[in-house]
1. Test each condition in (1) of a type outside the set (Asp, Glu); (2) surrounded by fewer than 21 Cβ atoms within 10 Å (Cβ to Cβ); (3) modelled with pLDDT of 90 or more for Ala283 and report the one that comes out false.
2. If Asn91 passes every condition in (1) on the phi > 0 side of the Ramachandran plot; (2) modelled with pLDDT under 80; (3) open to solvent by 60 Å² or more (accessible area, probe 1.4 Å) but one, which one does it miss?
3. Hey, can you tell me all the residues within region 186-228 that are surrounded by 17 or more Cβ atoms within 10 Å (Cβ to Cβ), basic (Lys, Arg) and within 23 Å of Leu115 (Cα to Cα)?
4. It is to be established whether one or more residues within region 342-355 are under 29 Å from Leu167 (Cβ atoms) and touching a residue at least 24 places away in the same chain (Cβ under 8 Å).
5. With the requirement that a residue be assigned to a helix (DSSP H, G or I) and either more than 17 Å from the chain's Cα centre (by Cα) or among the aliphatic types (A, V, I, L, M) (or both), what does region 352-369 give you?
6. Are any residues in region 229-255 within 20 Å of His160 (Cβ to Cβ) and either open to solvent by less than 10 Å² (accessible area, probe 1.4 Å) or part of a helix (DSSP H, G or I) (or both), and if so, which ones?
7. Looking at (1) touching a Lys or Arg at 6+ places or on another chain (Cβ under 9 Å); (2) farther than 15 Å from Leu62 by Cα, can you tell me which one Met324 breaks?
8. Count, please, the residues in region 284-319 that happen to be among the polar types (S, T, N, Q) and in a loop (DSSP other than H, G, I, E, B).
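The values are calculated or read from the model by the stated rules, or taken from the named source; none is laboratory data. From a predicted model like this one, the values you see are computed outputs, not experimental measurements. A quick note on method: Cβ atoms are made from the backbone with ideal geometry, for glycine too, and the neighbour counts reach across all protein chains shown. Keep in mind that these areas ignore ligands, DNA and RNA; they rest on the heavy atoms of the full protein, side chains included. Shrake-Rupley method; radii C 1.70, N 1.55, O 1.52, S 1.80 Å.
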Amino acid sequence: MTLAPIHLRGPAAMRAGWRLLRDPITAMQQSHAEYGPLIVMSDLLPFTRNVKLAALGLPLILAAGPEFNNEVLSNPEVWRPVSIFPGGPRNSAARRLGAGLARMNGPRHAHYRRLMLPPLRKTSIEASGDKMIRLAQEEIAAWPVGETIDLWERVCRLMHTYAIGLLFGDDRERGYPVAEMVSDMFALKWTPVVRACPINLPVTPYGKFLKEGETLERCILDWAGKKRGAVDGSDLLSIVVNNPEEDGRAVRDTTIVGLMPQLFGAVFETCQNALIWTLVLLAQHPRVAGELLDELQTGLKDGAPTLSDITDLPWLDAVIKESMRIMPPAPMQARVAQQDTSIAGNPVPKGSRILLSSFVTNRMPERYPQPERFWPERWASINPTPYEYLVFSAGPRNCPGYLLGMAMVKVAVAAILLRYRIEFPPHTRVDYIARPGLRPRGKVQAVLQRQDGAFHRSPIEGNIFDLVKTLP
C-alpha cells in the first residue's frame, strides 16, 4: 500500500499538537476527518526546521486504520512500543519504573514474555474461575444499597482485588497500596501540568510525581523481598523474583522495579476502564440492560455458575465487545522507529513516533455502520481482525492477558447486574479523560438499587456525549 501523507508544518502543526495535548482522542478523530488517515507533523514553523516539540516527540505520525495497524504492529523490532508508565530523569526511580516489558527487545523481551505467559493461558484462567467469581461476589456484596457512591472508585477497587487475588498471591496488605500508587502515578504522569512543567522541586507537581516514584520503588522492592524463595507459578511477582535474567544471572532490582508497574497496571488498568464504561452505557440503554439481565438470569439460573457458563453467554459477550469498541480502554498506541524505515511506502527516519488510533479504527463506518451508536447487535454478524478492532493490540506483541481481561470484565458485569440496578442522581456529570487510557475524569456518582429489572435511563451530563452521540 502506498499513500502520500499530509504534512503539517508551522501553525497547522502547532494547532494539531495543541489539540493532541488537550484531548488526544478527539484530536485524532478531527485530524483524520480533516486531513485523512496518514498525517506527518514535523517543523513547528517553516523557518525553524530543526525545532522539535519535545512534549510530543516530533516528527510525529498520526495514523488510523487497519492497514497502518498491521504494518506497524506486525514489526515490533522496527517499531518499539513507547513506555507509557511512568518516565522521569536519568537515574530516577520514575525512570526505572518505566523500564518494563514494553521497553525490552530481542531475547530479553522473549524471555520475560515467556515467563509471564503460564498464569495467563486459557487453562490457568479456567482453573482460577471459581476464585474469580468468588472474589467478584465478595467485593460487590459489600457495596451499599440506596446510597450515593463513587462507582469509579468501587470499580477500581474491584479490579485491584482481582489483580492481587488472581496474579499476585492474594497479598492484599502489600498489594493494595502498590496498586493504588501505580494507578495514581499512571494518571499523574499524563496530566498537562506534569508534562508541560518538568521542574523537580518539592512544591511542583512534577517534583511530587518523582517523590511518589521513590515511594513506589521502595514498596515494590520490599514486597519482592517477601517473595524470594516462595515459588508460586501463578504469582507474577514470585515468577520474576525467583527466575534468572535471560543471560542466566540473578534477577536485578532494576528489572523487578521496571516490570512490576506495567504488569500490575496491565492487569487492572484497561479492565477497570472497560468495566466502568460498560456499566455507564448499560445504565443509559435500558433495553440492552434488560435483555442482558434476562440472559444472565436464564443462563445462570442454577445459582453456582462456572466461568465458562458466564463467558459463553453471547449477549454478554456482544455488550462488552461493543462497549470496548465505542469506548476503547486504550484509545491510542504509540511506537517509535528504531531505524530508518517506511510507512505506507513513505520514508520514515529513525526516532520518529507514530500514534495509532484505536478510537478512530473502531469507528470506521465502512466496518461499523452507525459507529457512534452503542448497538451490541452488530456482533452477531461481524468478526473483525485484531487490526480492525484494536482493543488488545495486535501482532507479535498483542496483549497476552486479553483472555483473562475479558473473563474478569464479564464476571464483574454479571455479578453487578444480577445484584444491582444502577441509577444516576439528577445532573450527574460523566466526563472522560485520556491519561492515556480512556477513563472517567473524577468521580462517577451513582446509586445502587436492588435488582428489580425496572431499568430506565437516568439523564446524565458531561463530555461523554462527545463520544457517544446516539444515546436513546
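1. It fails just one condition, (2).
2. Result: Asn91 passes all but (2).
3. Lys227
4. No, region 342-355 has no match at all.
5. Across region 352-369, the qualifying residue is only Val360.
6. Answer for region 229-255, where residues must be within 20 Å of His160 (Cβ to Cβ) and either open to solvent by less than 10 Å² (accessible area, probe 1.4 Å) or part of a helix (DSSP H, G or I) (or both): Asp235, Leu236, Leu237, Ser238, Ile239, Val240.
7. Met324 satisfies every listed condition except (1).
8. Counting residues in region 284-319 that are among the polar types (S, T, N, Q) and in a loop (DSSP other than H, G, I, E, B) gives 1.
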